Amino acid sequence: ATETGSVKMFFFPFVGGGHQIPMIDTARVFTSHGATSTIIATPSHALNFQKLVTRDQNSGIPITIHTLPAEIPNITGPNIDTTVLLQPLRTFLLSHLPDCIVIDMFHPWASDVVDELQIPRIVFTGTGCFPRCVYGNIRKYIDIESMSSDYEPFVVPNLPHKVELTKSQLSIFARNPSKFPDRMKNVEDKSFGTIINSFYELEPEYADYTRKEIWKKVWIVGPVSLCNRSLEDKTQRGKSSTIDEQGCLKWLNSKEPSSVIYVSFGSMVRLPPKQLMEIAYGLEASGKSFVWVVREILKSEKNKEEEDERWLPEGFEERMKESNRGLIVRGWAPQLLILEHGAIGGFLTHCGWNSTLEAVCAGVPMVTWPLMAEQFSNEKLVTDVLMIGVQVGSREWSGFGEEWKEVVGREKVEIAVKKLMEESEEAAEMRVRVKKIAESGKRAVEEGGTSYQDVDALIRELKERKVNGQD
Ligand code: UDP
């Protein structure tokens, strides 16, 4: 990457695990290819990745954080008032004019500022090509609003594979396209291009399709989590782990290879006690060992005042401890470390894009339990296209806002976990397939690999643009 020189790239991530972690990793990937990167953040946001960036700086890697002198607490979605950040962002950009700025799609307001200053703006969407194609074609070819049944499966038109979804599994914007904010749409339409955290070999037909049908320019640069190579890199990804990492690894060391299922629903979703209870019963009945991450618990309106509504069956933790069968992590787990441990043989996941990619890269097949956002389409990629997962059988959006629509019963959990974790030809084949994809993911980011080349191609393009003084 020596010929790439020093292109000045800014990154403006959205707050929150699933968007922030991969964008910071993307910034680190570009610096490792010779760019200088600056991450723009608010003061509280910057604390989330300060350690990681400081470590990079100490090793001479040209990456910095610029903290805007303004704060917006509790950023939860694209529709928040960001007025206080406008002026500081404009001032900073004007005085430092970067060669490009990579902006999360949930910062449409920032796009307005960047476009006004005519800085090349690149969108970071946080998902892969497959979900983008699925949603792109639904928007293009289907009148969802007038669809009468919520649960009747329909086939998404014009895709390389047969992909079936139901209205109840679609994002709110897809269900009500008229409510899709114009600003969000403009973010991509008017951009210089899009960076995708995926790799060509994972979804070749959809990468091609994306390039042809959906966007003008696309750089597929992942899996960016693979830039986290050291133990510290893998643990300092935004939040400190709630458990002692060494203790967790020691526990896993005591287990047979591929015998433990890792259970986690990502960084945002909060499950209600009644759903957690079903998971506990299901895991116990499966007879399999597990590491289960339980983040904040969703309290129902009427139980808001109650401190601790029960979410575990009587004596559950004692039983799991005595039999050494399960580890519950209350809070934040070192997910990359856990997934890469040889004792892990499956991942029960909500199919967030990052979790999905991280599982694939670790060569771990999945029990898929999508809840919201584009997770139902990610599930289809895992189970129907790549055939490296078993569906738990969730049928509709749950976990957005305070409502919790669907409680998946313990039997479904038990059946899916057993199906993935027990010795069967089907499960063995899934294991072989996912390990093969993991290898191709590793190759993609190595010198000469597809993602490696895309990173260099973007840097080269920005450099040429700079030399030629183009707008
Ligand atoms: N994550 C983690 N520890 C946790 C929960 C999540 O490290 O206890 C990380 C996980 O590795 C992934 C990100 O948080 O990189 C979650 O992103 P994803 O897209 O899977 O889901 P989201 O949080 O956006 O729903």
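The values are calculated or read from the model by the stated rules, or taken from the named source; none is laboratory data. Quick caveat, the model's predicted, so the values are computed rather than measured. With ideal geometry, Cβ positions are generated from the backbone for all residues, glycine too; neighbour counts draw on all protein chains shown.
With respect to the conditions (1) farther than 19 Å from residue 16 by Cβ; (2) within 13 Å of the ligand (Cβ to nearest atom); (3) in contact (Cβ under 8 Å) with a residue 40 or more places away in the chain, residue 354 falls short on a single one, namely (1). Here the condition is being of a type in the set (A, V, I, L, M), closer than 20 Å to residue 391 by Cα and out of contact with any Phe, Trp or Tyr (no Cβ under 7 Å at 6 or more places or on another chain); of 362, 343, it holds for 362 alone. Taking residues in segment 238-259 that are more than 30 Å from residue 46 (Cβ to Cβ) and modelled with pLDDT of 90 or more, and partners anywhere that are within 16 Å of the ligand (Cβ to nearest atom) and not in a loop (DSSP other than H, G, I, E, B), the pairs with Cβ atoms closer than 6 Å and at least 6 places apart or on different chains are 251/327. Given the conditions (1) out of contact with any Gly (no Cβ under 9 Å at 6 or more places or on another chain); (2) part of a helix (DSSP H, G or I); (3) farther than 15 Å from residue 361 by Cβ, which single one is not true for residue 448? Tallying (1) out of contact with any Gly (no Cβ under 9 Å at 6 or more places or on another chain); (2) part of a helix (DSSP H, G or I); (3) farther than 15 Å from residue 361 by Cβ, residue 448 fails exactly one: (2).
Out of the residues in segment 193-219 meeting the condition of being in a loop (DSSP other than H, G, I, E, B) and aromatic (Phe, Trp, Tyr), tell me which one is surrounded by the fewest Cβ atoms within 10 Å (Cβ to Cβ). If we take residues in segment 193-219 being in a loop (DSSP other than H, G, I, E, B) and aromatic (Phe, Trp, Tyr), then 215 is surrounded by the fewest Cβ atoms within 10 Å (Cβ to Cβ). Residues of segment 364-376 include none that is outside any loop (DSSP other than H, G, I, E, B), touching a Pro at 6+ places or on another chain (Cβ under 9 Å) and surrounded by fewer than 24 Cβ atoms within 10 Å (Cβ to Cβ).
Among the residues examined, residue 40 does not qualify as among the hydrophobic types (A, V, I, L, M, F, W, C) and part of a loop (DSSP other than H, G, I, E, B).
Quick check on this structure: which one of 300, 323 is surrounded by fewer than 22 Cβ atoms within 10 Å (Cβ to Cβ), over 26 Å from residue 250 (Cα atoms) and away from the ligand (no atom under 12 Å from the Cβ)?
Details: 323 fails: over 26 Å from residue 250 (Cα atoms).
Exactly one residue qualifies, and that residue is 300.
Only helices (runs of 4 or more DSSP H) whose full extent lies in segment 220-311 are considered here, and the ones with at least 3 residues that are touching an Asp or Glu at 6+ places or on another chain (Cβ under 6 Å) are 273-286.
Part of a helix (DSSP H, G or I) and in contact (Cβ under 8 Å) with a residue 40 or more places away in the chain - does that describe any residue in segment 398-411? Yes, that holds for at least one residue. Pairing residues of segment 16-40 that are over 19 Å from residue 459 (Cβ atoms) with residues that are of a type in the set (Ser, Thr, Tyr) and within 9 Å of the ligand (Cβ to nearest atom), at Cβ distances under 9 Å and at least 6 apart in sequence or on separate chains, gives 16/267; 17/267; 18/267; 18/355; 20/267; 21/225; 21/267. Output the residue which, of all residues in segment 234-270 that are closer than 18 Å to residue 359 by Cα and away from the ligand (no atom under 12 Å from the Cβ), is nearest to the chain's Cα centre (by Cα). Step by step, filter segment 234-270, then rank; the result is 261. The residue that is nearest to residue 128 (Cα to Cα), counting only those in segment 326-351 that are part of a loop (DSSP other than H, G, I, E, B), in contact with a strand residue (DSSP E or B) (Cβ under 7 Å, 6 or more places away or on another chain) and within 11 Å of the ligand (Cβ to nearest atom), is 351.
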